[in-house]
Amino acid sequence: MPKSNERTQDPVELQQRFRDVIAAGLRVAAPGIIQAVDYEKQTCTVQLAIRERLNFNGTLEWVEIPLLLDVPFFIYSGGGYCMTLPIQKDDDCLVVFGDNCMDAWWQSGGIQNQIERRRHDLSDGFAIVGFRSQPNVIKNYSPNTAQLRNASGSAYIEIAGDNINIVSANTTIDGRSFLGHTHGGVQSGGSNTGGVT
């Protein structure tokens, strides 16, 4: 059996240890759980959902990664339009870590120089909200139509082929009930009302 000092000098063993050290500090993407949301800055605080196993003086322990602060969250947008969603505490997300320090871009927009030289760092995460763990999957997911819906499925706007369906307990347009509205100044009779103007 080789002695410990002989084993640590083995080039293959050294190379593997070197790769492990680099990989331990390199971040690409990880699932997370939203802890708080700042709608003014459009950032969130995220707790990564996977613990890290670290060596403390020869003892391996599972530890939670510190909270990620001021993580920009994804807003589906383009061409002057956007869709906003009420991101809430405990929503699942995926945090993707950038190749470079993103601080200057985040503060000023446009093309910027890096303030710090870092790569795939915990400080450079972007939260994509919507990925879900199995206990949080959407019930009654529609496989054949496009829906904008609440999670329970009790209210939705749906595009199904050439049809648009709106399902709601109380559909309102400009604050007025669509299904239960009435028109004043109309006398009963056998004629139909005029078209919508």
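Is it the case that Tyr76 is within 12 Å of the chain's Cα centre (by Cα), at pLDDT below 95 and closer than 20 Å to Gln147 by Cα? Judged against the criteria, Tyr76 is a match.
Does Leu48 fit the bill of being of a type in the set (A, V, I, L, M), assigned by TED's automatic domain parsing to the domain that holds Gly130, touching a residue at least 12 places away in the same chain (Cβ under 8 Å) and surrounded by 11 or more Cβ atoms within 10 Å (Cβ to Cβ)? So that I can check it myself, show each step before the final result.
Numbers: of a type in the set (A, V, I, L, M): yes; assigned by TED's automatic domain parsing to the domain that holds Gly130: yes; touching a residue at least 12 places away in the same chain (Cβ under 8 Å): yes; surrounded by 11 or more Cβ atoms within 10 Å (Cβ to Cβ): yes.
Criteria met by Leu48.
The single condition from (1) surrounded by fewer than 11 Cβ atoms within 10 Å (Cβ to Cβ); (2) in contact (Cβ under 8 Å) with a residue 12 or more places away in the chain that Gly80 fails is (2). Listed by position, the strands (runs of 3 or more DSSP E) enclosed by the range 88-197 that each have at least 2 residues that are out of contact with any His (no Cβ under 6 Å at 6 or more places or on another chain) and assigned by TED's automatic domain parsing to the domain that holds Gly32 are 92-97, 125-129.
Among the listed residues Val63, Val21, which satisfies the condition of being at pLDDT below 95, out of contact with any strand residue (DSSP E or B) (no Cβ under 8 Å at 6 or more places or on another chain) and among the aliphatic types (A, V, I, L, M)? None of the other options fit; the residue is Val21. A single entry from Asn140, Asn150, Asn100 fulfils the requirement of being more than 17 Å from Val37 (Cβ to Cβ), touching a Gly at 6+ places or on another chain (Cβ under 9 Å) and of a type outside the set (A, V, I, L, M): Asn140. Residues in the range 167-187 that are closer than 28 Å to Tyr141 by Cβ and either in contact with a helix residue (DSSP H, G or I) (Cβ under 7 Å, 6 or more places away or on another chain) or surrounded by fewer than 12 Cβ atoms within 10 Å (Cβ to Cβ) (or both): Ala169, Asn170, Ile173, Leu179. Only residues that are in contact (Cβ under 8 Å) with a residue 24 or more places away in the chain and either in contact with a strand residue (DSSP E or B) (Cβ under 7 Å, 6 or more places away or on another chain) or under 14 Å from Ala49 (Cβ atoms) (or both) were counted across the range 114-142, and they come to 13.
The values are calculated or read from the model by the stated rules, or taken from the named source; none is laboratory data. From a predicted model like this one, the values you see are computed outputs, not experimental measurements. All Cβ positions, glycine included, derive from the backbone under ideal geometry; neighbour counts span all protein chains shown.
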